[in-house]
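Written out below as C-alpha cells is the structure these notes cover.
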Amino acid sequence: MADIRATLRARLDAAVGSAQVLSAPDDIAPYLTDWRGRYHGRAQAVVRPGSTSEVAAVVRACADARVPIVAQGGNTGQCGGATPDASGDAVVVSLARMNRVRAVDADNATMTVEAGTTLIAVQEAAAAAGLHFPLSLAAEGSCTIGGNLSTNAGGTAVLRFGNARELTLGIEVVLADGRIWDGLRALRKDNTGYDLKQLFIGAEGTLGIVTAAVLKLFPAPRTRATAFAALADVRAAIELLRSLRQSLGDRLVGFELISEPSLALVRRHFPALPDPLPAHPWYVLVQADDSAADSAVVAEVERALGAGMEEGVVQDATVAQSVEQANALWALRENIAEAQRLDGPNIKHDISLPVSAVPAFLAEAESALVTALPGLRFVTFGHLGDGNLHYNLAAPEGTAAEAFLAHTATANRIVHDLVATHGGSISAEHGIGQQKRAELVRYRSMVELDLMRAVKRALDPATLMNPGKVL
C-alpha cells in the first residue's frame with residue numbers, strides 16, 4: 001500500500017507540480033468538511049490542477065492506482081456531495097485554480113468558462129459585455145460553475161430562465177479513464193445523437209469531472225422592479241403569482257415565498273437589515289426585469305399589487321425605490337440560510353411540488369409533524385414560482401439541537417411521503433449527495449434506478465468517481 005501511494009504521489013506531483021498536491025493535515029482540513037459542518041471525511045491528498053490536461057493526468061493516475069476521486073468546487077453544497085468518505089483513500093480534486101473566462105461571444109450571446117470560476121465572476125463578466133447571466137443564489141460569491149452544473153443549480157430566477165441545464169449549451173468533461181470529452185459547442189440547435197451533456201449535469205461528479213462549460217447569456221435588464229408583499233396565506237400568494245404572470249409574462253423573474261418565522265430568524269441574527277412591513281403570516285419577494293430602458297414594468301408591478309390589495313389578496317406591500325432598497329429586500333431572503341446556520345442545526349428539506357399542491361402539502365405536513373414532534377418550529381421559504389420549497393424544521397425552544405436531530409428520520413419520512421403523494425420531488429436543487437442516497441432508492445422506481453446504475457457502470461465501471469454519492 002505504501003509503495004502504491006508513493007507511486008501515485010509521484011504521478012500527481014508530475015501532473016500538477018508538488019506545490020499543488022496537499023497532504024499535510026492542516027492544509028487539507030478545509031476540503032474535508034462541508035460548509036454547514038454536517039459532513040466530515042478524510043483523504044490521502046488534495047490536488048489543485050490548473051488546466052483540463054492536468055485534471056486528465058490526475059484522473060489517469062488515480063484510475064491506474066484504483067483510487068477514488070472526489071471533485072470539489074466552492075464546497076458550498078448542502079448534501080455532502082463534495083465531501084470524501086471516512087476511509088481516507090480518496091484524492092480530492094479541487095478545481096478552484098481553473099477560474100478563467102475563456103471567451104465571451106456577444107453576438108452569439110454565450111460565454112465559455114472554466115469550472116472553478118465563481119458564479120459572481122461569471123455574472124460580472126457577462127455584465128462587462130453588456131449581457132446577463134441569470135443564475136443567482138445566495139452562495140454566488142463562493143460557489144463555482146462546476147458545482148452549479150454538477151448539482152443542476154436552481155436559485156431565484158428559475159421561474160424565468162430555468163435551472164442550470166437550461167442555461168448550458170456545451171460542456172467539457174474529463175471521463176473516469178482520463179479521456180477528455182470536448183463538448184464545448186455553442187449551438188442552440190444540435191440534433192446529432194444523444195445530448196450527452198445532460199448525463200453529467202446534475203450527476204454530482206459521479207460520472208466524470210466537468211472542467212468547462214458554454215453558458216447562455218441574455219440581454220441585460222435595464223429596468224427592474226422589486227417588491228415585498230404581505231399575505232394572509234399561501235393560497236393568496238399563488239393567486240398573486242398567477243395574476244403577475246398574466247400581467248408581466250416572462251418579465252417576472254423571481255417570486256420568493258417567505259414565512260414570518262423565517263423573516264424573524266433573519267431579524268434576530270441580522271438586525272441591521274430592513275424591517276419593511278408589519279408582521280404577517282407570509283410574504284413574497286417579487287422581481288420583474290425588462291431589457292428596455294423606458295419600460296413601464298415598475299408601474300405595472302405597482303398596479304398589480306394595488307389591485308391585489310383592493311381584492312383582499314395582498315395585505316400590504318412596498319416597492320423598492322432604488323437599487324439599494326432592492327438589494328436590502330433581497331438580503332432579507334438571501335440571509336435566511338445563514339441565519340438558520342447561526343441559530344443551530346435543523347432538519348432541512350429541499351423539495352419541489354406542483355405549485356397548485358403547495359397549500360395542501362403545507363397543511364398536511366404541519367398537522368403530521370406537530371403530532372410527531374410537538375413544539376418544533378417551521379422555517380419555510382423558497383422559490384414558489386417554480387414550486388421549490390426549503391421546508392426546514394428547527395428544534396423547539398429550549399431543546400438541544402442534537403437531541404432534536406435524532407428525529408431526522410421520522411421527519412423525513414413524514415415530509416417525503418407527503419411530497420411523493422402530491423407528485424413532488426425530494427430534491428429540487430441541492431442534489432442527492434450522501435444525505436439523500438437512501439431516500440432516492442425509496443422514492444424512485446426500480447426502472448429509473450436500473451437506468452441510472454447502467455449509466456454509472458458504462459461511464460465509471462470501477463466506481464471511482466465520487467463513490468458513495470447519489471447511488
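What are the residues in the range 273-321 that are among the β-branched types (Val, Ile, Thr) and in contact with a helix residue (DSSP H, G or I) (Cβ under 6 Å, 6 or more places away or on another chain), if any?
Within the range 273-321, the first condition is being among the β-branched types (Val, Ile, Thr), and the residues that meet it are 284, 286, 297-298, 301, 313-314, 318-319.
Selection gives VAL284, VAL297, VAL313, VAL314, VAL319.
Can you go through ALA63, ALA103, ALA29, ALA57 and tell me which one is assigned to a helix (DSSP H, G or I), surrounded by fewer than 22 Cβ atoms within 10 Å (Cβ to Cβ) and free of Cβ contacts under 8 Å to residues at least 40 places away in the same chain? Break it down into steps so the answer makes sense when it comes.
Values: ALA63 fails: free of Cβ contacts under 8 Å to residues at least 40 places away in the same chain; ALA103 fails: assigned to a helix (DSSP H, G or I); ALA57 fails: free of Cβ contacts under 8 Å to residues at least 40 places away in the same chain.
Every option except ALA29 fails the conditions.
When you go through ARG235, ARG224, ARG185 one by one, which is the residue that is part of a loop (DSSP other than H, G, I, E, B) and either touching a strand residue (DSSP E or B) at 6+ places or on another chain (Cβ under 7 Å) or touching a residue at least 12 places away in the same chain (Cβ under 8 Å) (or both)? Steps first, please.
On the way: ARG235 fails: part of a loop (DSSP other than H, G, I, E, B); ARG224 fails: part of a loop (DSSP other than H, G, I, E, B).
Every option except ARG185 fails the conditions.
Select from the range 165-175 the residues that are aliphatic (A, V, I, L, M) and either modelled with pLDDT under 95 or not in a helix (DSSP H, G or I) (or both) and write down the one among them that is nearest to GLU54 (Cα to Cα). Steps first, answer last, please.
Pass one, the range 165-175, residues aliphatic (A, V, I, L, M): 167, 169, 171, 173-175.
From the residues that got through so far, the ones that are either modelled with pLDDT under 95 or not in a helix (DSSP H, G or I) (or both) too are 169, 171, 173-175.
Details: LEU169: 24, ILE171: 17, VAL173: 12, VAL174: 10, LEU175: 13 Å.
Once the filter is applied, the top-ranked residue is VAL174.
Answer yes or no: is there a residue in the range 342-351 that is assigned to a helix (DSSP H, G or I) and touching a residue at least 24 places away in the same chain (Cβ under 8 Å).
Yes - at least one qualifying residue is present in the range 342-351.
When you go through ASN152, ASN75 one by one, which is the residue that is in contact (Cβ under 8 Å) with a residue 40 or more places away in the chain, assigned by TED's automatic domain parsing to the domain that holds ASP26 and either within 21 Å of the chain's Cα centre (by Cα) or surrounded by 22 or more Cβ atoms within 10 Å (Cβ to Cβ) (or both)?
Details: ASN152 fails: assigned by TED's automatic domain parsing to the domain that holds ASP26.
Among ASN152, ASN75, only ASN75 is in contact (Cβ under 8 Å) with a residue 40 or more places away in the chain, assigned by TED's automatic domain parsing to the domain that holds ASP26 and either within 21 Å of the chain's Cα centre (by Cα) or surrounded by 22 or more Cβ atoms within 10 Å (Cβ to Cβ) (or both).
Just to check your reading of the model, which residue among PHE200, PHE270, PHE255 is in contact with an Asp or Glu (Cβ under 9 Å, 6 or more places away or on another chain), aromatic (Phe, Trp, Tyr) and buried (at least 19 other Cβ atoms within 10 Å of the Cβ)? Full working, then the answer.
Working: PHE200 fails: in contact with an Asp or Glu (Cβ under 9 Å, 6 or more places away or on another chain); PHE270 fails: buried (at least 19 other Cβ atoms within 10 Å of the Cβ).
Within the list PHE200, PHE270, PHE255, the selection yields PHE255.
Answer yes if at least one residue in the range 440-463 is surrounded by 16 or more Cβ atoms within 10 Å (Cβ to Cβ), part of a loop (DSSP other than H, G, I, E, B) and in contact with a His (Cβ under 9 Å, 6 or more places away or on another chain), and no otherwise.
no
Within the range 106-138, take every residue that is assigned to a loop (DSSP other than H, G, I, E, B) and among the hydrophobic types (A, V, I, L, M, F, W, C) and give me the one that is farthest from GLY208 (Cα to Cα). Give the derivation first.
Quick first cut of the range 106-138, residues assigned to a loop (DSSP other than H, G, I, E, B) only: 106-109, 115-117, 129-130, 133-138.
When the remaining residues are screened for being among the hydrophobic types (A, V, I, L, M, F, W, C), the result is 106, 109, 115, 129, 133, 135, 137-138.
Working: ALA106: 30, ALA109: 27, ALA115: 13, ALA129: 31, PHE133: 25, LEU135: 23, LEU137: 24, ALA138: 26 Å.
Of everything passing the filter in the range 106-138, ALA129 is farthest from GLY208 (Cα to Cα).
Only one of these is in a loop (DSSP other than H, G, I, E, B) and crowded, with 23+ Cβ neighbours inside 10 Å: GLY146, GLY205, GLY178, GLY193. Name it. If you could, list the steps in order and put the result at the bottom.
Values: GLY146 fails: in a loop (DSSP other than H, G, I, E, B); GLY178 fails: crowded, with 23+ Cβ neighbours inside 10 Å; GLY193 fails: crowded, with 23+ Cβ neighbours inside 10 Å.
After ruling out the rest, the residue left standing is GLY205.
Which pairs do you get when a residue that is closer than 15 Å to ALA409 by Cα, found in the range 361-373, comes within reach of a residue that is aromatic (Phe, Trp, Tyr) and part of a helix (DSSP H, G or I), reach meaning Cβ atoms under 9 angstrom, with the pair 6+ apart or on two chains?
LEU373/PHE404
Could you grab me the full set of residues in the range 397-414 that are part of a loop (DSSP other than H, G, I, E, B) and surrounded by fewer than 13 Cβ atoms within 10 Å (Cβ to Cβ)?
At the first step, the residues of the range 397-414 found to be part of a loop (DSSP other than H, G, I, E, B) are 397-400, 406-407.
Scanning the range 397-414 gives GLU397, GLY398, ALA400, ALA406.
Given the criteria of a type in the set (Lys, Arg), surrounded by fewer than 18 Cβ atoms within 10 Å (Cβ to Cβ), in a loop (DSSP other than H, G, I, E, B) and at pLDDT 95 or above, does ARG42 qualify? Full working, then the answer.
On the way: of a type in the set (Lys, Arg): yes; surrounded by fewer than 18 Cβ atoms within 10 Å (Cβ to Cβ): yes; in a loop (DSSP other than H, G, I, E, B): yes; at pLDDT 95 or above: yes.
Against the criterion (of a type in the set (Lys, Arg), surrounded by fewer than 18 Cβ atoms within 10 Å (Cβ to Cβ), in a loop (DSSP other than H, G, I, E, B) and at pLDDT 95 or above), ARG42 qualifies.
The values are calculated or read from the model by the stated rules, or taken from the named source; none is laboratory data. Remember, it's a predicted structure, so these values are computed and weren't measured experimentally. Cβ: placed from backbone, ideal geometry, glycine included. Neighbour counts: every protein chain shown.
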